[in-house]
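Below is one structure; the comments refer to it alone.
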Ligand code: FPP
């Protein structure tokens, strides 16, 4: 494996534990090739497998991807169906290959509007992969940062608490118990946060690249990591 000209990647543990991706640009990638938008999502799902392997090889312990936002229901029904189908196929694959790949999967989001079949599958995958502790893939599905914060607030209110601190609040989010993202990458040229991990990103570094997600390469990932490692994260201190 090539890593800044060296043979093995450096150990990033502690400096880059959790990376998150806003996988934007699938539709534009497809349009550019005269293909239907669905083909862009299929290519995006394929690229996710490659980028995930690369993250793991680089000793990153957690990857979170934005697969479907609370706003994405506004898309045409056939596009929504195709994204759900790709996700369902991917969950089948993860379940089938779990002993070989040994990674944990968590779904972040409100599962209420999803099909019963998909909700069952999610439960199954989460349960059957819960034992793999070294590497976790979080899939944000029907996820919105504001919605997540409000549901945490409502859950805390329902439990009768009078006051919350940061730790209690963090624990009530979908990401409860997980480390915050160190680095959030958005592909395809937009420089928006789009309601992704609003609370968790308080001290995250961001990287924006022009490449659409289906073409986002391991080489670009390495360049982003190289740049990230040069940054001085001060968390408000000096
Ligand atoms: C954003 O691109 C992408 C999405 C809304 C869907 C992402 C879904 C996948 C990569 C496939 C399914 C997920 C998994 C985890 C297997 P866009 O469609 O907004 O692109 P555009 O801005 O160019 O139209």
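A short reminder: the numbers here are calculations on the coordinates, not readings from a lab. If you're wondering where the values come from, they're calculated on a predicted model, not measured in any experiment. Cβ placement follows ideal geometry from the backbone for every residue including glycine, while neighbour counts extend to all protein chains displayed.
The slack between residue 235 and residue 88, meaning 0.36 nm per residue of separation minus the straight C-alpha distance, is 49.1 nm.
Separation of the range 26-57 and the range 140-196, taken as the distance between their Cα centroids, equals 26 angstrom. Ellipticity at 222 nm from helices only: DSSP H runs of n ≥ 4 in the chain, each -39500 (n - 2.57), divided by the residue count, give -13000 deg cm²/dmol.
Evaluated on the range 115-185, the Kirkwood hydrodynamic radius is 14.4 Å, with distances taken between all distinct Cα atoms. Diffusion coefficient (Stokes-Einstein, Kirkwood radius over C-alpha pairs, 20 °C, 1.002 mPa s) for the range 52-127: 155 µm²/s, rounded to a whole number. Each peptide in 211-223, 148-160 gets a packing score, the mean of other Cβ atoms within 10 Å over its residues, and the list from highest to lowest is 211-223, 148-160.
Taking only C-alpha pairs under 8 Å that are 6+ residues apart, what is the relative contact order of the chain in percent? Intermediate results must be reported in sequence, preceding the final value.
On the way: 336 pairs, mean separation 64.3, N = 238.
For the chain, the relative contact order is 27 percent.
On a per residue basis, the convex hull of the C-alpha atoms belonging to the chain measures out at 141 Å³. Normalised by residue count, the range 37-77 yields a Cα convex hull volume of 63 Å³ per residue. Annotation: the antiparallel percentage among DSSP beta bridges lying fully within the chain is about 5. Over the Cα atoms of the range 105-238, the radius of gyration divided by the Kirkwood radius equals 0.99; this is the Rg/Rh ratio.
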